[in-house]
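Worksheet for the structure shown next.
The values are calculated or read from the model by the stated rules, or taken from the named source; none is laboratory data. Computed from a predicted model, the values in this text were never measured in an experiment. Quick reminder, even Gly has a Cβ in these numbers, built from the backbone with ideal geometry, and neighbours come from all protein chains shown.
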Amino acid sequence: MKKTKPNKAHHILNGKMIEFVGWELPVQYADSGLNEEHIAVRTAGGLFDVSHMGEVFFRGPQALDAVQYLTCNNAAKLVPGKIQYSGLMTENGCFVDDLLVHMINEKEYLLVVNAANTDKDFKHMKEKAGHFDVEIKNESDDYTQIAVQGPKAEQLLSQFTDTDLTAIKYYHFTFGKVRKLDCLISRTGYTGEDGFEIYFKADEKNSANLFLELAEKGKPLGIIPTGLGARDTLRLEASMPLYGNDIDDSHTVLEADLEWILKLKKGDFLGKEALEKQKEQGITRKRIGFEVTGKGIARHEYPVYVDGKQYGIVNSGTFAPFLKKAVGMTYLPLDKCQPGTEFEIGIRDRKVSARVVEMPFYKREK
Amino acid sequence: MSANVKDLKFTKEHEWVKTEGEIAIIGISDYAQKELGDVVYVELPAVGDSIEKGDACANIESVKAVSDIYSPVTGEIVEVNEFLAGKPETINKDPYGAGWVFKIRMDDSGELNTLMNAAAYEEYLKGILEEK
């Protein structure tokens, strides 16, 4: 099992360690637990070790061309210091992965990808964009990534840096020091809250120490270390898709209801032809959000029934700790996607009613 | 009711049983509730259900997981803890008392002999913790 650089901090903080896509990471911490961690992020803040995420750099005269060819959003709209959510596309217009594209300068882009997909993505990028004048480098092993999320994230992180955090807008980043470490500091996250993600090169000791110090200084603010359990419930409550559950290489961008990251007019890219065709013909299914109106909690892979017949599965489902109700995401036939539409979910031996609702389930007050 | 832990018997799946004559009262242990985390939903059996020893007859769900409750004895469900429907967190707060789950009229109280007493269960937990 691989260990992230802050690993030792989780053991010191009583993390309940599990294996997640080959990495040893805390699912929760003994002193808090999933629920408390989830609520802390919504009301004060949480600290996440997300060093397992992948960092792939594109450097060279055709860095932008390569990114444009591999992804579905329009990276030409970026300016240095800006970030874009996008999809790494198959030729069918489905997802190899979803990712964040950071423009560092005209010749350098950083693509942050899912841990489970890093090797697959890197291989795909090299294979499909090999003809561009660009160096594609997987630097995942060099980087520690820590996320500080929640309404008090800025208050905590500002104690660790001279960088003016208020000047970093949502989906923007800057370079600055956090303690003595050179960091890329971005205003992004996977929780539905305001917050930051910091990326830096450091050894195990310095990585763990920064995590521990953030935990210590966070305590009086109500900011606590947060595990993978709450990371999943937070992102789901905020209706953010998870690769492998909600988006994958068998659902297109259009079906995933992510048309806002699809820019068909930007020029040629992988999947464009398939997506143009699908847009013209129309989709037959779409990702929707639902609430369980009957009794029970819908979970990943429970069967979904439409008009009494199994149509698919629950892609993501949980009890949402802040909203205090059972919610989830699935794909339904297009004529069943209107909010208010009823369908059923198989929970053990019962069919339980559920209703399509607007996403996001949770939206923070600004 | 409030049970004295010393008087309870335990299963390897972390249910506890308290007997009152031919009635067995069943819940989950303190260790089980802690492992599960905050309970948010409890699915109860129906009064009158006939249950075989080992049947999964109730479900306790926390945010992170679903846990089946297996009946340690054969018999008929005579009462379920309806209070848990509105206050599932009672299982966390008082697992050996107000957090009981169902009561069953036993066909054969001899089935209880295979269960662990409190001291044996404590040893069993030590074994689990050492393995971790």
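Annotations
- Segments classed as strands (runs of 3 or more DSSP E), wholly inside the stretch A:293-342, with at least 2 members that are on the phi > 0 side of the Ramachandran plot: none
- The stretch A:6-65 - residue that is of a type in the set (Lys, Arg) and away from chain B (no Cβ under 13 Å) and, of those, surrounded by the fewest Cβ atoms within 10 Å (Cβ to Cβ): A:Arg59
- Out of B:Tyr31, B:Tyr70, B:Tyr41, B:Tyr96, one residue alone is more than 25 Å from B:Ala120 (Cα to Cα), in contact (Cβ under 8 Å) with a residue 12 or more places away in the chain and aromatic (Phe, Trp, Tyr). It is B:Tyr41.
- Residues in the stretch A:326-349 that are charged (D, E, K, R) and surrounded by 16 or more Cβ atoms within 10 Å (Cβ to Cβ) were compared, and the one that is nearest to the other protein chains (Cβ to nearest Cβ) is A:Glu344.
- For the stretch B:17-59, a tally of residues being crowded, with 19+ Cβ neighbours inside 10 Å, within 14 Å of another protein chain (Cβ to nearest Cβ) and either among the β-branched types (Val, Ile, Thr) or farther than 30 Å from A:Val27 by Cα (or both) returns 4.
- Residues (among the charged types (D, E, K, R) and at pLDDT below 95) located in the stretch B:1-11: B:Lys6, B:Asp7
One line per residue, one yes/no per condition, for (1) in the same structural domain as A:Thr233 (by TED's automatic domain parsing); (2) among the hydroxyl-bearing types (Ser, Thr, Tyr); (3) part of a strand (DSSP E or B):
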| position | (1), (2), (3) |
| --- | --- |
| A:Asp119 | no, no, no |
| A:Met125 | no, no, no |
| A:Asp133 | no, no, no |
| A:Ile136 | no, no, yes |
| A:Gln145 | yes, no, yes |
| A:Leu157 | yes, no, no |
| A:Lys169 | yes, no, no |
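- Candidates A:Tyr311, A:Tyr302: the one that is away from chain B (no Cβ under 11 Å) and of a type in the set (Ser, Thr, Tyr) is A:Tyr311.
- Residue check, A:Lys169 within 24 Å of A:Lys77 (Cβ to Cβ) and either modelled with pLDDT under 95 or in contact with a Lys or Arg (Cβ under 9 Å, 6 or more places away or on another chain) (or both): yes
- If you go through the stretch A:204-223 and keep only what is aliphatic (A, V, I, L, M) and either surrounded by fewer than 24 Cβ atoms within 10 Å (Cβ to Cβ) or at pLDDT below 95 (or both), you end up with A:Ala208, A:Leu212, A:Ala215, A:Leu221.
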